[in-house]
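Notes follow the structure.
The values are calculated or read from the model by the stated rules, or taken from the named source; none is laboratory data. All values reported here derive from a predicted model rather than from experimental measurement. Ideal geometry is used to build each Cβ from the backbone, glycine not excepted, and the neighbour counts take in all protein chains shown. Ligands, DNA and RNA are excluded from the accessible area calculation, which covers all protein heavy atoms including side chains. Shrake-Rupley method; radii C 1.70, N 1.55, O 1.52, S 1.80 Å.
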Amino acid sequence: MTAALYRLARASAKHRWLVLAGWVLMGLFIVGLNNAIPGAPKSTFSLSGTDSATAINLVGAAFSESSSGLAPIVLHDPNADLTTGSGAQIVSRTVAALEARKDVVGLIDPTEQPSLMSADHHTAILQLTPTSDALRTTAQAADLLQAAQDAAGPGVEVAASGILGTELSSPATHTSELLGLGAAVIVLFLTLRRWSAVFIPLINAIVAVGLGLAVIKALGKLVFIPDVAPTLGTMLGLGVGIDYALFLITRHRKMLSQGFSVPDSLGRTAGTAGAGLVFAGGTLIAAVCGLALTGLSFLTWLGISAAIVVALAVLSSLTLVPALLSIVGRRILPKKIHALDHGQHDALDRSGWARIADAVTGRPWTAAIVSIVLLLILALPVTTMSLGMSDAGDMPKNTTARQSYDMINEGFGPGANGPLLVVAQLFAPAQAPAKIPPGTKDPRTADPRLVSLRQDLGQTQGVISTNPPVVSPDGGVAFIQVTPAWAPSDPRTSDLVSYLRTTTLPRATFDEGMAAHVGGITAATSDLFDLIAERTPWFIVGVILLAFTLLMLAYRSLLIPFKAALMNLVSITAAYGVVTAIFEKGWGAHLIGLEGPIPIDSYVPMMMFAVLFGLSMDYEVFLLTSFREHWAQSGDMVVSVRRGLADTGRLVTSAAFIMVVVFASFILSDTPLVKLFGVGLATAVIVDATIVRCVLVPAIMVLAAKGTWWLPGWLDRLLPHLHVEGDPTALDELASKPKRSGVGHRTLIAARPTEVIGAVVGAGASWFLMSHLPGVPTSLAAPIAAAAVVGA
């Protein structure tokens, strides 16, 4: 891999404008692909093999036109009785306007269904069934809601629930993105001290995120992509895109200061730091893609979406960054260059990080014990963590989903926000009813089996009401909407789902020629919780074994991978503890814009584990590589740890701080789930890069001494050799081969007018591209264009 990365970086530097054009063309291709793929119907996730999946599949097959699911629209007028006079006219106007639309399959009039009209007659629910094409885009969803508002009139509150409300309440994170980038600029300038160096990581991150979100959007037209996937992809893409470029720039500047030419320095940088980047990025990609091992499509596509952005960040770091660095040339160096000669070790020994390293290595037991105590304090709240599910009641008050939730909660009770769908599959022909109730529109609903099923459901403790059954055109499937007594996020609702499945339905359907299943979002979420609880341990074991194997191959040691796995678990547990304290217990929740405690969704810890385990490998690789280099020179563990920490401590903490400010900026989002990921990821990174990597790990390595690098001889002979940061011997051989003249400093100066013109053209192309990429805020186009000019 060393040779391949060396050649790739030199080729990217030599053909820098071709590389830039290639990335622009890639973006244009993805834009065209997005436009070419027709929008897919909005859908909810299903879990293959579960009872809720069976229910939704039966409904989807029997009512094929309404595969979009239910989209309730809520009307509320505190000054009008919606059952008489002008109030009744409001409802009738709205019903007529919606029934006349081509994108509406059916609608239940609340004046004909008492359970859809509140007891005080001030709130009504229009149970809307849109076509499969009605919600392909946010604009279509907004048009549907606006039609209801226009028909109801200006004095009536109109809000959307269900899949329509979810589509119109998607979180906006543009402010967080801009603030994260702004904070990253400050940290990068303090670290690199040259504006030409600062903008390269930003360009790298924005390109990776922009193209990654475009790919995710195109993919979302073919499969179900969770709503949080683009936000999580943005967080990871900005973080790793900036960090990976920072690592490359730091190594490149070191190579230049040692006298290497620009092209040779770029090749050596890619062969060393680039190899470590591929290792760390590959581990992160493998960790998030490992979510596919759960067998849950919801988590699988969430992991794949994150992996797409990270993969693009790795690819752009290996091609786009060398191209930009070749344009900047030796101007990437700080104004004051400190030559790294035979006095390098003396300089390291006198640095500020050396003094920190001295404190850690001088009292390793104290450092280890204090670190462990601090981590245990942070992790303590996790002992009371209880997972659940969030609902629309946790969303910001300015979203239509939250507004409809509050209106339904006030008018009908909390359970109406998460109705269950009991789906009956009728195997035998419908039985003739003894007597059809007057006013019955569909005589098939009077089937004694369905009447009896509805009665049994209504008599179940915890059920407030049941709607009349709706029978499919072929008569083979019917569903009954059941309203529980509690909110969707209440654990008692999940208990009710379990009771219906194990007791009520088996008793009601026994020997009746039918089978019944419980579906709906609430039931599906309950199934998701059970599956995650069952599969999480296996997933964690799989990720740990993967990391253990890779680190054992890379560093020829058993202690290092064992220690790395243990330290990663410690960092993640500390992050879980902070998340539990803030979100579940509500400690300081108001400080981050929450109204109070909220439940932690069942899949969040698993997703955080995959992401954080992969991210921690970045700092692990750079620290351990430096420790091993100094160990090979000194043979003294105390000296190697002190010099290694002095050599990389500033870089690791700077990179971590950038990641932290990017993640923390998303705490400003209005969506609680985004805040949760921001808090969790930022906490884990700062704990991992400071307490764990810079204090606990060095202390343990000093205590272990030579045992740190121990590997049984028989195992050493069996394992292949893996160079995490490249093979220096191979780099020297590649550099010594005859080659064409590269892009040296003089060439850059001579060609500068041409390159400035090219940069301006590239800036214009970049501005146009980013302005038209779906999912990328237009406000980010200007920094890219400015960066292209400054970089030139």
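Largest first, what is the accessible-area ranking of M1, M608 with a 1.4 Å probe?
So, going from the largest accessible area down, we get M1, M608.
What pairs from K221/K585; K217/K397; K217/K675; K254/K675; K102/K221; K102/K217 go past 32 Å between their alpha carbons?
Long pairs (Cα-Cα over 32 Å): K221/K585; K254/K675.
Report the extension gain between T138 and I186 in nm, rounded to one decimal, defined as 0.36 nm multiplied by the number of residues separating them, less their alpha carbon distance. Please list the in-between numbers first.
Working: separation 48, 0.36 × 48 = 17.28 nm, distance 3.58 nm.
Here the segment from T138 to I186 would lengthen by 13.7 nm.
Using a 1.4 angstrom probe on the protein heavy atoms only, line up W710, W538, W23, W631 by accessible area, largest first.
From most exposed to least exposed: W538, W710, W631, W23.
Order C694, C289 by their accessible area, 1.4 angstrom probe, all chains in place, largest first.
Ranked list, largest accessible area first: C289, C694.
Which chymotrypsin sites (Phe, Trp or Tyr not before Pro) in the stretch 360-434 sit in a loop by DSSP (not H, G, I, E or B) and have at most 13 other Cβ atoms within 10 Å of their own Cβ?
Loop-located and lightly packed - F427.
At 20 °C and 1.002 mPa s, what whole-number value in µm²/s does Stokes-Einstein give for the translational diffusion of the stretch 189-269, with Rh from the Kirkwood sum over Cα pairs?
149 µm²/s
Compute the accessible area per residue over the stretch 510-587, keeping the other protein chains in place, probe 1.4 Å, unit Å².
Spelled out: the 1.4 Å probe surface of the stretch 510-587, per residue, equals 38 Å².
Take the alpha-carbon centre of the stretch 523-597, take the same for the stretch 196-263, and report the distance between them in whole Å.
Each part reduced to its Cα centre gives a spacing of 24 Å.
How much accessible area does V262 have with a 1.4 Å probe, in Å² rounded to the nearest 10?
0 Å²
Hey, for a label at E410 modelled as a point 7 Å past Cα toward Cβ, could you say which residues of the stretch 477-506 have their backbone N under 20 Å away?
Zone members listed by number: 486-488.
Counting only the heavy atoms of the protein chains, how much of T525 is accessible to a 1.4 Å probe, in Å² to the nearest 10?
Here the residue's solvent-accessible area equals roughly 20 Å².
Label V370 and V24 with points 7 Å out from Cα along Cα→Cβ: what is the distance between them in nm?
5.4 nm
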